[in-house]
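This is the structure I want to talk about, given as structure tokens.
The values are calculated or read from the model by the stated rules, or taken from the named source; none is laboratory data. Remember, it's a predicted structure, so these values are computed and weren't measured experimentally. So basically every Cβ, Gly included, is an ideal-geometry build from the backbone, and we count neighbours across all protein chains shown. Side chains included, ligands, DNA and RNA excluded: accessible areas come from the protein's heavy atoms. Shrake-Rupley method; radii C 1.70, N 1.55, O 1.52, S 1.80 Å.
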Amino acid sequence: MTLRLSADTTGIDRAAQLLRQGGLVAFPTETVYGLGADATDARAVAGIYAAKGRPSFNPLIAHVPSLQAAEDLVHLDDLARQLARAFWPGPMTLVLPLHDGAPIADLVTAGLPTLAVRVPDAPLALQLLERIGHPVAAPSANPSGRVSPTTANHVEAGLGDRIDAILDGGPCPVGLESTILMPVDGTVRLLRPGGLPVERIEALLGTPISLEATGDTPTAPGQLASHYAPQGRVRLNVTQPDPDETLLGFGPVKAELNLSPTGDLTEAAAQLFGHLQTLDRMGAPRIAVSPVPEQGLGRAINDRLRRAAAPR
């Protein structure tokens, strides 16, 4: 039976104990709930793949409590360090060369010579990471390819008794996964848009960055073509839904659910996965989605919606 742990010292201590013992614990970050396992324990990491039904060629993000902890695992050049100092803690993941001998299970990197790593901006997550003393591999705490969870109830509904515990820290404020960047040879490649808007990164660097095309084998988490999908079929950029479609709106439109009636992209990002979860509970067989501007957080929202609508 999955334990429901409270966000206090007792709950954090129990969560850390379970992780050190090779267990699976879901915990909240500022982005979404992650399904954590000790990233140095190959058997524990294998448990993540089993619980989620996740393809083993899809790498995981290692969560650490500080820049110094990241430097113990990966090589940061001047550009990577500039990004880390500007945006950590926060919703940014860096894909960086793994140090020789770094104690990371091979399943975390999916056999790649790089590691995706980030420092979350969530006090509860940071306390847990400090307490366990090891990097924690943590993809989103949902069945693979399905809608990411932003509350403890979402985790429980999706993973049931397949994990050991859920550390309940309330709803996640950002509601979208982290932006994934790969600094290479003085340039920055955007592997996945997310909770850190591209415009803020470009303002720091003084140069534009573009989304890297992905092949059949992911180089970072969240790159599978079909991902974040609800049960119902999804149709995008709909201004006039069909009679048998349930409308997920954006802006001043009449809809069963609305990401943001005022057209606020920050509100829409925070609401996205929760509304998709609600549509699942409603049993909506066909889902129409209003157009969302392709700017700021809208880029990440549209990225998730396109993957939700992709053929399965």
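Results for (1) buried (at least 22 other Cβ atoms within 10 Å of the Cβ); (2) at negative phi, shown as yes or no for each residue.
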| position | (1), (2) |
| --- | --- |
| 150 | yes, yes |
| 160 | no, no |
| 170 | no, no |
| 173 | no, yes |
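Which condition number does residue 81 fail, the rest of (1) more than 19 Å from residue 45 (Cα to Cα); (2) open to solvent by 10 Å² or more (accessible area, probe 1.4 Å); (3) in contact (Cβ under 8 Å) with a residue 40 or more places away in the chain being met?
Evaluating residue 81 over (1) more than 19 Å from residue 45 (Cα to Cα); (2) open to solvent by 10 Å² or more (accessible area, probe 1.4 Å); (3) in contact (Cβ under 8 Å) with a residue 40 or more places away in the chain leaves (3) as the failure.
Taking residue 309, is it surrounded by 21 or more Cβ atoms within 10 Å (Cβ to Cβ), under 21 Å from residue 143 (Cα atoms) and not β-branched (Val, Ile, Thr)?
Values: surrounded by 21 or more Cβ atoms within 10 Å (Cβ to Cβ): no; under 21 Å from residue 143 (Cα atoms): yes; not β-branched (Val, Ile, Thr): yes.
No, not satisfied.
Limited to region 235-252, what total is found for residues that are over 11 Å from residue 289 (Cβ atoms) and either within 26 Å of the chain's Cα centre (by Cα) or of a type outside the set (Asp, Glu) (or both)? It would help to see each step written out before you state the result.
Residues of region 235-252 that are over 11 Å from residue 289 (Cβ atoms), as a first pass: 240, 242-244, 251-252.
Checking which are either within 26 Å of the chain's Cα centre (by Cα) or of a type outside the set (Asp, Glu) (or both) leaves us with 240, 243, 251-252.
Number satisfying all stated conditions: 4.
Kindly check whether there is at least one residue in region 88-98 that is part of a strand (DSSP E or B) and open to solvent by 10 Å² or more (accessible area, probe 1.4 Å). Working first, answer last.
We begin by selecting, within region 88-98, every residue part of a strand (DSSP E or B); these are 92-98.
Filter once more, so that each one left must be open to solvent by 10 Å² or more (accessible area, probe 1.4 Å): 97-98.
Within region 88-98 (the criterion being part of a strand (DSSP E or B) and open to solvent by 10 Å² or more (accessible area, probe 1.4 Å)), the answer is yes, since at least one residue qualifies.
Also, I was wondering about something else. Hey, could you check region 119-161 for residues that are in contact (Cβ under 8 Å) with a residue 60 or more places away in the chain and β-branched (Val, Ile, Thr) and say which is nearest to residue 1 (Cα to Cα)?
Step by step, filter region 119-161, then rank; the result is 155.
Out of region 1-16, which residues are of a type outside the set (Ser, Thr, Tyr), open to solvent by 10 Å² or more (accessible area, probe 1.4 Å) and in contact with a helix residue (DSSP H, G or I) (Cβ under 9 Å, 6 or more places away or on another chain)?
1, 3, 4, 5, 7, 13
Let me ask another. Can you tell me which residue is surrounded by the fewest Cβ atoms within 10 Å (Cβ to Cβ) among those in region 237-278 that are among the aliphatic types (A, V, I, L, M) and touching an Asp or Glu at 6+ places or on another chain (Cβ under 8 Å)? Before you say what the answer is, go through the steps one by one.
Pass one, region 237-278, residues among the aliphatic types (A, V, I, L, M): 238, 247-248, 253, 255, 257, 259, 265, 268-270, 272, 276.
Add one more test, that the residue is touching an Asp or Glu at 6+ places or on another chain (Cβ under 8 Å), and what stays is 238, 247-248, 259.
Values: 238: 18, 247: 21, 248: 29, 259: 25.
Per the stated criteria, the residue is 238.
Going by the conditions given, is residue 62 under 23 Å from residue 122 (Cα atoms), open to solvent by 10 Å² or more (accessible area, probe 1.4 Å), in contact (Cβ under 8 Å) with a residue 60 or more places away in the chain and of a type in the set (A, V, I, L, M, F, W, C)? So that I can check it myself, show each step before the final result.
Working: under 23 Å from residue 122 (Cα atoms): yes; open to solvent by 10 Å² or more (accessible area, probe 1.4 Å): no; in contact (Cβ under 8 Å) with a residue 60 or more places away in the chain: yes; of a type in the set (A, V, I, L, M, F, W, C): yes.
The answer is no for residue 62.
Hey, another quick one. So, restricting to helices (runs of 4 or more DSSP H) that lie completely within region 1-86, which ones have at least 3 residues that are modelled with pLDDT of 95 or more and touching a strand residue (DSSP E or B) at 6+ places or on another chain (Cβ under 6 Å)? Steps first, please.
Working: elements: 9-20, 42-52, 67-71.
The qualifying helices (runs of 4 or more DSSP H) are 9-20.
Can we say residue 70 is crowded, with 23+ Cβ neighbours inside 10 Å and more than 16 Å from the chain's Cα centre (by Cα)? Write out each step before concluding.
Numbers: crowded, with 23+ Cβ neighbours inside 10 Å: yes; more than 16 Å from the chain's Cα centre (by Cα): yes.
It is true that residue 70 is crowded, with 23+ Cβ neighbours inside 10 Å and more than 16 Å from the chain's Cα centre (by Cα).
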